[in-house]
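K.L.:
Next up is a structure, given as C-alpha cells.
The values are calculated or read from the model by the stated rules, or taken from the named source; none is laboratory data. Every value quoted in this text rests on a predicted model; they were computed, and no experiment measured them. Please note: Cβ atoms are built from the backbone with ideal geometry, for glycine as well, and neighbour counts cover all protein chains shown.
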Amino acid sequence: MKSAQEWIALEDAFQPPTYARNPAVFESGDGIWLYDTNGKRYADLYGGHCVAALGHTPSAVSEAIKKQGDTLFFYSNVAYLPIRGQAAEKVISMAPEGFDKVFFCNSGTEANENALKIAWKLTGKKRLVATKGGWHGRTLASLAVTDDLKITSPYATVLPPVLRVPFGDAAALRQLLKAEDDIGAFILEPIQSIAGITTAPPEYFQEIRQICDEYGVFLIFDEIQTGVGRTGKFSYSEWLGMKPDLITFAKSLAAGFPIGAVLMPERVSAQLKTGDLGSTFAGGPLACAACIATLQEVESRELMENNIRLFEAAVEALTPIGVEVRGAGALIGIKLPVPAKNVVSRLFEAGWVTGTSADPQVMRLMPPYITPPEIMKPFAEALKEALQ
Ligand SMILES: Cc1ncc(COP(=O)(O)O)c(C=O)c1O
C-alpha cells in the first residue's frame, strides 16, 4: 500500500501541474464524510466542489449507473435511447414553467458555451456582455465572459469580444446597451459564487429582464452552482419573479457523474436546427441514468427543503461568532474578519473541508444537500477555534 506522499508523487509524475490541491489524499467517501489514505475523517462541506449533491458514494446513483451499464453502456446521439428521453423528461418536469426543452452536454463550461452559441446564432450579433466578478468556465466563449485575468490574459487575443458591467447595476447595463450595438447576450450567475457569494435584490433581475427584452439581448443565467435545487428551488430564477431566456446547469445535476445542460423555452428550441449543437458523449446513457436517480432522490428526500434549513442553521450558528453569512440554501459565503485562506487550512487540519473565494475574506461552503442542519453547531465551534 502506498503512503499519501507516494500517491501525490504518482499523480504529479504523470499530469501537468495545473491544479492547486488539498494536502490530503482522499481514498473513500460515505455521505458527507471523506476518508484519507491515513484513515482520517473529514466532513465535506465543500461537496467535491459544489458537485456531490447526495454526498459521497450515493447508492441510488451508483446502482442506477451500474444497471444502465449492464443494459446499454453507450450510444451517441445518432440513436434514440429510452434513458435519454426519461432524463430530459425528468429535468423538464422539475424546471420552472416555460422551460420546455433541455440540451445535454458534459460540463459547466460546455453548457455556457452552448448557451452563448445559441444566442450568437439566433441574434446574429457578435458581442457579449458579462459581469465584473463573473466566472463561467475555461473553454473559449465561457472563458471570454469570465472575469479572471489570471486565466484569461494568456488567451486575450483569441477570445470573443466581451463588455463588462458591475453585477447588480441595472442602470449600467441599460447605458451600455444604449451606447453599443451588436450585442447578442448578457450572461451572469444569479449568485456570484467564486466572487464571494454575492447577489442582488429581485428588482435588479426584473429590471435586467426588461432591458434585455428592450434591446433584443439573450439573458443567460449560469446556474452551474445555484441550480438543481441548491438554493431551495430547482432554479434560482424561481426566487426572483422573472425568467431568463436560457439556464445552464452542471455540477449537481448527476451528483458527480459528468453532465451539463442548457434549459430553454420552446420559442428558442424551435429555431434550432439539426447540426446546430452536438457532442458525442452528450446525453450518454450513464450520465442520463445518474441524472434521473439524482433528481429522484432530491425530490423524494425533500432535499431542496433541507438546503433551506441548512442555510437557516448556518445563520443561526455562525452569526453569534462574529462572521457574516450570505448566499442561499447550500451555497454559503462566510465573511471573516481575517484572510479566509489560513482559516480554511486550519479547518482542513481539524477535519472540515471548506473553500476560499476570490474575495480574500470570504470562505465558501457548498455542502451536499443531505447535510444535516445540526452540523452547523459543531462547525461553528470549529470555525471559532480556527479563527482564534
Ligand atoms: C458558475 C460556474 N460556471 C461555470 C463553471 C464551469 O464548470 P465546469 O468546471 O464543469 O466546466 C463553474 C465551475 O466552477 C462555475 O462555478
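K.L.:
So, in region 80-117, how many residues would count as being part of a helix (DSSP H, G or I) and more than 16 Å from the ligand (Cβ to nearest atom)?
P.N.:
13
K.L.:
If Lys121 satisfies every condition in (1) more than 16 Å from the ligand (Cβ to nearest atom); (2) more than 18 Å from Phe281 (Cβ to Cβ); (3) surrounded by 16 or more Cβ atoms within 10 Å (Cβ to Cβ) but one, which is the exception?
P.N.:
Among (1) more than 16 Å from the ligand (Cβ to nearest atom); (2) more than 18 Å from Phe281 (Cβ to Cβ); (3) surrounded by 16 or more Cβ atoms within 10 Å (Cβ to Cβ), the lone unmet condition for Lys121 is (3).
K.L.:
Among the residues in region 266-280, are any modelled with pLDDT of 95 or more, under 19 Å from Pro368 (Cβ atoms) and of a type in the set (S, T, N, Q)?
P.N.:
Looking only at region 266-280, we keep the residues that are modelled with pLDDT of 95 or more, and these are 266-280.
Applying the additional criterion that residues be under 19 Å from Pro368 (Cβ atoms) yields none.
No, region 266-280 has no match at all.
K.L.:
Which one of these is of a type in the set (Gly, Ala, Ser), more than 16 Å from the ligand (Cβ to nearest atom) and more than 23 Å from Gly260 (Cα to Cα): Ala60, Ala43?
P.N.:
Among Ala60, Ala43, only Ala43 is of a type in the set (Gly, Ala, Ser), more than 16 Å from the ligand (Cβ to nearest atom) and more than 23 Å from Gly260 (Cα to Cα).
K.L.:
Restricting to region 229-278, what's the tally of residues that are within 15 Å of the ligand (Cβ to nearest atom) and in a loop (DSSP other than H, G, I, E, B)?
P.N.:
8
K.L.:
Please go through region 195-228 and pick out each residue that is away from the ligand (no atom under 15 Å from the Cβ) and in a strand (DSSP E or B).
P.N.:
Phe218, Leu219
K.L.:
Considering (1) touching a residue at least 24 places away in the same chain (Cβ under 8 Å); (2) buried (at least 20 other Cβ atoms within 10 Å of the Cβ), say which one Ala340 fails and leave the rest.
P.N.:
(1)
K.L.:
So, one more: Give just the number: which of (1) surrounded by fewer than 18 Cβ atoms within 10 Å (Cβ to Cβ); (2) within 16 Å of the ligand (Cβ to nearest atom) does Pro17 not satisfy?
P.N.:
Every listed condition holds for Pro17 apart from (2).
K.L.:
Now a separate question. Just give me the residues in region 340-353 being out of contact with any Phe, Trp or Tyr (no Cβ under 6 Å at 6 or more places or on another chain) and either closer than 20 Å to Ser193 by Cβ or of a type in the set (Asp, Glu) (or both), in sequence order.
P.N.:
Ala340, Lys341, Val343, Val344, Leu347, Phe348, Glu349, Trp352
K.L.:
Out of all the residues in region 350-368, which are in contact with a strand residue (DSSP E or B) (Cβ under 7 Å, 6 or more places away or on another chain), of a type in the set (Gly, Ala, Ser) and either buried (at least 24 other Cβ atoms within 10 Å of the Cβ) or in a loop (DSSP other than H, G, I, E, B) (or both)?
P.N.:
Residues satisfying the conditions are Gly351, Ser357.
K.L.:
Sticking with this one: Would you kindly identify the strands (runs of 3 or more DSSP E) lying entirely within region 16-63 that contain at least 2 residues that are in contact with a strand residue (DSSP E or B) (Cβ under 7 Å, 6 or more places away or on another chain) and of a type in the set (Asp, Glu)?
P.N.:
Of the strands (runs of 3 or more DSSP E) lying wholly inside region 16-63, those with at least 2 residues that are in contact with a strand residue (DSSP E or B) (Cβ under 7 Å, 6 or more places away or on another chain) and of a type in the set (Asp, Glu) span 26-30.
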